[in-house]
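The values are calculated or read from the model by the stated rules, or taken from the named source; none is laboratory data. Because the structure is a prediction, the values reported are computed rather than measured. Positions of Cβ are backbone-derived with ideal geometry, glycine not excepted, and every protein chain shown enters the neighbour counts.
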Amino acid sequence: MQNRTSHGCQPHNSFSTSLQTHGNDAVTSHQTYVAMLYFLAILFSLVASVQSFASEITAGNITHLKNGRLPNAGAAIFPTIPIFQLLSIAAAWLLRRFTSQYAIWILIGSFLIFSLVWTLSFWKLSAEFNRIKNHDR
């Protein structure tokens, strides 16, 4: 039996070739979307790790200054680096599974909210650090 269009006409050969091409484009587009979702999740988790390190170091330096020591605190990479990335991949998978159409937008939005909250928190830490540092002079 020949393939026919919805209204019963015989499709032209180039029409079926066009459908095959667009079908492959849809698969490629979906694969690109999924790859971009996971890439952004990992990228955002790395940025969140750096933000976490900055906050941890600043909080440690505040403690050092309060105890009369030099502000030379450090931060541990483990467990932040692998944990944040694993959690972000799991979150991306859940977003893709349940809200596929909006997964990237939800991921970007949640990262922006996290970054805004972190920025406000870091400003507060930095202000406290500078206040203590300038008070000791």
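Key figures for this structure:
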| read-out | value |
| --- | --- |
| Options Arg69, Arg4: the member that is among the charged types (D, E, K, R), at pLDDT below 85 and on the phi < 0 side of the Ramachandran plot | Arg4 |
| The stretch 73-85, subset surrounded by 12 or more Cβ atoms within 10 Å (Cβ to Cβ) and among the hydrophobic types (A, V, I, L, M, F, W, C), residue farthest from Ala103 (Cα to Cα) | Ala73 |
| Some residue of the stretch 55-72 being farther than 30 Å from Thr32 by Cβ, of a type in the set (A, V, I, L, M, F, W, C), out of contact with any helix residue (DSSP H, G or I) (no Cβ under 7 Å at 6 or more places or on another chain) and surrounded by 11 or more Cβ atoms within 10 Å (Cβ to Cβ) | yes |
| Tally of residues being under 16 Å from Leu43 (Cβ atoms) and either in contact with a strand residue (DSSP E or B) (Cβ under 7 Å, 6 or more places away or on another chain) or loosely packed, with under 13 Cβ neighbours inside 10 Å (or both) across the stretch 91-114 | 4 |
| Condition check for Ala59: in a helix (DSSP H, G or I), touching a Leu at 6+ places or on another chain (Cβ under 8 Å) and touching a residue at least 24 places away in the same chain (Cβ under 8 Å) | yes |
